[in-house]
């Protein structure tokens, strides 16, 4: 018994090469997406170095990004890591917390 799906005699069990053209991805689409993301990132980095870019970043943090708890969490963690990385007098210590040894930084 043969069933028609509107695509002719389509056998769905044989793989992507037998799919209709509207479903297949064009070749190189993933590479183009990665290249586009890299170009956008570089452009954003160059813009952030200018005075206009710093003003835009400050405005976006004060207007809508500052209201997102996820953004505030990531920003505070990044600032904490930057402070630890720049501190020269900190010495790591091995600390026993709840029957587990962890690396800690004494105050």
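Brief remarks follow.
- Compactness of region 30-84 was expressed as the Cα radius of gyration divided by 2.2 N^0.38 Å, which yields 1.39.
- The modelled label-to-label distance for the pair residue 87/residue 99, using points 7 Å beyond Cα in the direction of Cβ, is 3.0 nm.
Just so you know, all these numbers are worked out from the coordinates, no wet-lab data involved. All of these numbers come straight from a predicted model, not from anything done at the bench. Neighbour counts are summed over all protein chains in view; Cβ atoms, including those assigned to glycine, are modelled from backbone coordinates with ideal geometry.
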